[in-house]
1. Restricting to region 38-47, name every residue that is within 11 Å of the chain's Cα centre (by Cα) and either open to solvent by less than 60 Å² (accessible area, probe 1.4 Å) or within 15 Å of G62 (Cβ to Cβ) (or both).
2. More than 12 Å from the chain's Cα centre (by Cα), modelled with pLDDT of 85 or more and loosely packed, with under 10 Cβ neighbours inside 10 Å, is that true of A35?
3. Is there a residue in region 5-27 that is modelled with pLDDT of 65 or more, in contact with a Gly (Cβ under 6 Å, 6 or more places away or on another chain) and outside any loop (DSSP other than H, G, I, E, B)?
Amino acid sequence: MDPYQSRFGREQGVFSHRGDVPYFANYYIASNIKADTVVLENPTLLEFIEELKNEYDYVGIGFQGLNIEMAF
């Protein structure tokens, strides 16, 4: 896994190293609160919008610090 792929692995095409980083903190929080929870890892915009139609009281969004520029 290479979390730095977006910075250091450019122009390598199919030979660039990639991997998924699970958001353990989101699962930890979800399992320790007394509320119905859903954790989405890297959803598409359409998947996220569909989930928001469930009218939650709170929504938490987590992201990797390396890709903070992409989150905005």
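1. V39, L40, E41, N42, P43, listed by residue number.
2. Yes.
3. yes
The values are calculated or read from the model by the stated rules, or taken from the named source; none is laboratory data. What you see is a predicted model; the values in this text were computed from it and never measured. Positions of Cβ are generated from backbone atoms using ideal geometry, with glycine treated the same way; all protein chains shown enter the neighbour counts. Heavy atoms of the whole protein, side chains included, go into the accessibility calculation; ligands, DNA and RNA do not. Shrake-Rupley method; radii C 1.70, N 1.55, O 1.52, S 1.80 Å.
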